[in-house]
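Engineer: Take a look at this one; I'll ask things after.
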Amino acid sequence: MNCLFCSIAEGNIPSKKVYEDELVYAFYDIDPQAPVHFLVIPKTHIDSVAAVNEENSSIVAHCFEVISKVTKEMGIDSFRVVSNCGEQAGQSVPHLHFHVLAGRDMTWPPG
Ligand code: AMP
Ligand code: ZN
């Protein structure tokens, strides 16, 4: 499958790495929406939150462990995690990813 984030996780497209282990890859967003903005993705392809199921949900839990660990290591104690799911919600890359945003005041509700 021709998937941008699979290619990034495989190292075939360059990215600015934040964290990596056998299951997860994290890298800075190319178009940051906050002073800190990185993405956490499973290395295996999952389309979106809508495709999370019994078989693959442990990797999603692991993504959140990584978010907790990496933000702590960065000294960030307030941050937002976003996963856009589907076109209307603004998903532009069809490979599950969690945006981690920090370093500025966040509005609620989101636009
Ligand atoms: P979404 O629009 O929620 O699907 O998020 C996709 C994100 O991927 C956007 O914030 C983009 O700026 C980001 N993005 C697209 N291409 C790259 C890339 N090559 N490297 C890093 N981030 C990217
Ligand atoms: Zn993919």
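The values are calculated or read from the model by the stated rules, or taken from the named source; none is laboratory data. Computed from a prediction, not measured in an experiment: that's the story for all the values here. Using ideal geometry, Cβ is built from the backbone for each residue, glycine included, and neighbour counts are taken over all protein chains shown. For the accessible areas, the whole protein counts, side chains as well, though only heavy atoms, and no ligand, DNA or RNA atoms are used. Shrake-Rupley method; radii C 1.70, N 1.55, O 1.52, S 1.80 Å.
Engineer: Using the heavy atoms of the protein chains and a 1.4 angstrom probe, tell me the accessible area per residue for the chain in square angstrom. Kindly include the intermediate steps, with their values, before the conclusion.
Structural biologist: On the way: 6820 Å² over 111 residues.
Here the per-residue accessible area is 61 Å².
Engineer: Compute the length gained on full extension between MET106 and ASP31: take 0.36 nm times their separation in residues and subtract their Cα-Cα distance, giving the result in nm to one decimal.
Structural biologist: Working: separation 75, 0.36 × 75 = 27.00 nm, distance 1.70 nm.
Going from the current span to full extension adds 25.3 nm.
Engineer: Just to verify a number: what accessible area does CYS3 come out at with the full protein assembly present, 1.4 Å probe, Å² rounded to tens?
Structural biologist: The value for CYS3 is about 10 Å².
Engineer: Around SER48, which amide H atoms from residues at least 5 apart in sequence, or from another chain, sit under 5 Å from its own amide H, with H modelled in the peptide plane?
Structural biologist: When sequence neighbours closer than 5 places are left aside, the close amide H contacts are LEU96.
Engineer: For the chain, give the percent of accessible area contributed by carbon and sulfur heavy atoms, probe 1.4 Å, rounded to a whole number.
Structural biologist: Percent of accessible area from carbon and sulfur atoms in the chain: 52.
Engineer: What full-extension length gain, to one decimal in nm, is calculated for LYS69 and ALA51 as 0.36 nm per residue of separation minus the Cα-Cα distance?
Structural biologist: Details: separation 18, 0.36 × 18 = 6.48 nm, distance 2.49 nm.
Taking 0.36 nm per residue and subtracting the Cα distance, the gain is 4.0 nm.
Engineer: If a paramagnetic tag sat 7 Å from the Cα of SER58 along the Cα-Cβ line, which residues of segment 1-34 would have the backbone N under 13 Å from that point?
Structural biologist: Residues 23 qualify, since their backbone N sits under 13 Å from the label point.
Engineer: Looking only at Cβ-Cβ distances, which cysteines of the chain have no other cysteine closer than 4.7 Å?
Structural biologist: So, CYS63, CYS85.
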